[in-house]
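Read the figures in this text as sums done on the coordinates, not as results from a lab. Everything numeric here is computed off the predicted structure, so don't read it as measured data. Neighbour counts run over all protein chains shown; Cβ positions are idealised from the backbone, glycine included.
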Amino acid sequence: MRYLSRETMNAVIAFVDRYHEENGYTPTISEIASGLSLAVGTVHKYLHRMAESGMIELNGRHIETPTVASRRGRSAPVAGEIACGAPVWVNETRDESVPLPVGFSGSGEYFWLRARGRSMENAGIDDGNLVLIRRQPTAEPGETVAALIENEATLKIFLPDPKRRKIVLRAANDDKKAYPDQIYDAILIRGVAVSVLKPL
């Protein structure tokens, strides 16, 4: 194969980047071939020629494009503390930065919040854990959100009640007397929890 199509090379890189973002690891040669409707041998030759030219790096089955490489070693700021109980907000600080979990490849803007309290322990969020938040203004029912209520914040399960035109924020704790549902007319969603960092 003397001639390499630049269009095909770009398609290979785009496929690898998209696959890595969705799965956290890079595709096999067979998966690339299937995804791009190419022969396995053709993909193999393209990858090795692209590696020789410095466009990508090959390490076993791992294909490292510039985008994949940039995702390694990503970090997010620690933006403060958030209550896992009654809403309260501790002053935000961005002096600290913590690496994102190994293999994490989600797109968007992220920040860490340190959980305080026990209301979310059934969701695996204990007092002192760092919770990774994807910054976004909306959430799906059942997602754990970092919510602001009158400039105070809490980490709870988001359960909108359109019939009553209310928003229920629910704790993940069996002690419903200590952690009853919190019901509001409106809240401001700062983001959705996507991961928890805790000591072993």
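Rounded to whole Å, give me the distance from the Cα center of the stretch 1-77 to that of the stretch 141-200.
40
Give me, ordered by chain and number, the residues 5 or more places off residue 110 or on other chains with an amide H under 5 Å from its own placed amide H.
Amide H neighbours of residue 110: 135.
Tell me the Rg and the Dmax, in Å, that the Cα atoms of the chain produce.
Expressed in Å, the Cα Rg and Dmax of the chain come to 22.0, 73.
Going by alpha carbons, how many degrees (0 to 90, nearest 10) lie between the helix axis of 40-52 and the longest principal axis of the chain?
Roughly 90 degrees between the two axes.
So, in nm, how far is label residue 5 from label residue 31 when the simple model puts each one 7 Å beyond its Cα toward the Cβ?
The two pseudo-label positions are separated by 2.3 nm.
Taking amide hydrogens as modeled 1.01 Å from N in the peptide plane, which residues meet the under 5 Å criterion relative to residue 80, leaving out close sequence neighbours?
Amide H neighbours of residue 80: 93, 114.
Apply the Karplus parameterisation 6.51 cos²θ - 1.76 cosθ + 1.60, with θ equal to phi minus 60°, to every residue of the stretch 133-144 and state each ³J(HN,Hα) to the nearest whole Hz, in sequence, with x for glycine and proline.
With the stated coefficients, the stretch 133-144 comes to 10, 8, 5, 6, x, 10, 8, 8, x, x, 7, 8 Hz.
Can you find, among 186, 39, 59, the residue farthest towards the positive end of the dipole of the chain? Put +1 on the C-beta of Lys and Arg, -1 on that of Asp and Glu.
Of the listed residues, the answer is 39.
With axes computed from alpha carbons, what is the tilt in degrees of helix 6-23 against the longest principal axis of the chain, rounded to the nearest 10 within 0 to 90?
With rounding to tens, the tilt is 30 degrees.
Using the reciprocal of the averaged 1/r over all distinct C-alpha pairs, how large is the Kirkwood radius of the stretch 6-71 in Å?
This gives a value of 11.6 Å.
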